[in-house]
Amino acid sequence: MSFIIEGIQQAWQLIISWDREVFTIVLFSLKVSGMAIFLASLSGVPLGLVIGLKKFPGKRILIVLLNNALAIPTVVIGLIVYSFISRSGPLGYFGLLYTPAAVIIGQYFLATPIIIALTYSALQGINPQIRNTALTLGGTELQAAWLVLKESRFAIMSAIITGFGRIIAEVGAAMMLGGNIKGSTRTITTAISLETAKGEFGFGIALGIILLLISLSVNIFLSYLQSKNL
């Protein structure tokens with residue numbers, strides 16, 4: 001029990017003193033996860049809108065596949081991306097493996113299905129008459145889609161935040177694709193795994209506390225935005 005107390009005390013000392021290594025890892029994690037969720041949102045939200053508003057052959061099968069993708073283990077995504085960007089893979093020429101770009105790519109493919117599926121689910125709660133009325137009054141398909149998007153903006157924002165929470169807390173893909181290289185591709189989760197295995201319990205707890213604070217801050221921000229809309 002004493003080593004747990006000592007670990008917590010050491011963790012707070014590292015956080016209060018703004019330990020350089022701790023916050024370098026935190027900033028890198030925020031940077032790659034932020035870029036990944038930005039790219040995933042740019043593609044995931046429009047695709048979710050198209051799936052939710054349009055009828056096309058195979059739509060039900062696509063929705064089942066998207067829902068199934070939510071449960072795919074992160075190491076499987078990491079393995080698939082690894083097979084493409086490794087030296088022997090079709091994209092090996094670009095030398096992406098064990099770089100920040102590789103981590104971003106892996107996190108992008110983790111977050112995008114989540115955003116698409118949850119955007120689609122958000123649209124199911126919107127009254128279809130909103131889109132129909134916009135079209136009846138002479139609006140274009142794009143204008144009608146924008147109106148639906150505005151009505152479901154907080155649900156879609158929640159989808160984006162859910163995707164962000166998934167990727168910043170994952171370890172499998174980041175470990176496989178980034179290699180956990182100190183000062184280059186070490187994320188919060190991969191660092192926690194490594195430092196705890198080395199016996200640096202306090203360092204791991206410090207990163208764990210910061211990860212929890214990030215998650216809490218994001219959810220508080222979402223609640224604040226929702227309250228402003230009431």
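Just so it is clear, none of the values below were taken in a lab; they were calculated from the coordinates. None of the values given here were measured: they were computed from a predicted structure. Every residue, glycine as well, gets a Cβ built from its backbone with ideal geometry; the counts of neighbours run over all protein chains shown.
Going by C-beta contacts inside 10 Å, put Ile16, Ile85 in order with the fewest on the left.
Fewest-to-most ranking of Ile16, Ile85: Ile16, Ile85.
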Going by how many other beta carbons lie within 10 Å of each one, how would you line up Thr112, Thr196, Thr24, Thr185, fewest first? Thr24, Thr196, Thr185, Thr112
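Run lengths n ≥ 4 of DSSP H only: what is the helix-derived mean residue ellipticity at 222 nm for the chain, with -39500 (n - 2.57) per run over all residues, to the nearest 500?
Mean residue ellipticity, 222 nm, calculated: -26000 deg cm²/dmol.
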Please compute the length gained on full extension between Tyr93 and Leu222, using 0.36 nm multiplied by the number of residues separating them and subtracting their Cα-Cα distance. 42.3 nm
Identify which of the listed values of percent of Cα pairs over 32 Å apart was calculated from the structure shown: (i) 18; (ii) 31; (iii) 13. (ii)
Placing unit charges on C-beta atoms (Lys and Arg positive, Asp and Glu negative, everything else neutral), compute the dipole magnitude of the range 7-101 about its Cα centre in debye, rounded to 20. 560
Fewest to most Cβ atoms within 10 Å: Phe109, Phe203, Phe94 sort as Phe94, Phe109, Phe203
Rounded to the nearest 20 Debye, what is the dipole magnitude of the chain about its Cα centre when Lys and Arg each give +1 and Asp and Glu each give -1 at the C-beta? 720
Quick one: how many lysine pairs does the chain have with C-alpha atoms less than 26 Å apart and a gap of 8 or more or different chains? Give me the count, please. 7
Mind listing the phi-derived Karplus ³J(HN,Hα) values for the range 145-155, rounded to whole Hz, using 6.51, -1.76 and 1.60 with θ = phi - 60°, and x for any glycine or proline? 5, 5, 5, 5, 4, 5, 5, 10, 4, 6, 5
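Between Gln143 and Val76, what's the calculated FRET efficiency when r is the beta-carbon distance and R0 is 41 Å? Round to 0.05.
Calculated transfer efficiency: 0.55.
Using a Förster radius of 45 Å, what is the FRET efficiency between Glu6 and Phe56 based on their Cβ-Cβ separation? Nearest 0.05, please.
The formula returns an efficiency of 0.15 here.
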Estimate the FRET efficiency between Thr24 and Lys150 by the formula 1/(1 + (r/R0)^6), using the beta-carbon distance for r and 45 Å for R0, to the nearest 0.05. 0.70
With label points built 7 Å along Cα→Cβ from the Cα atoms of Phe84 and Leu42, find their separation and express it in nm. 1.6
For Thr99, distant residues with modelled amide H under 5 Å away: none
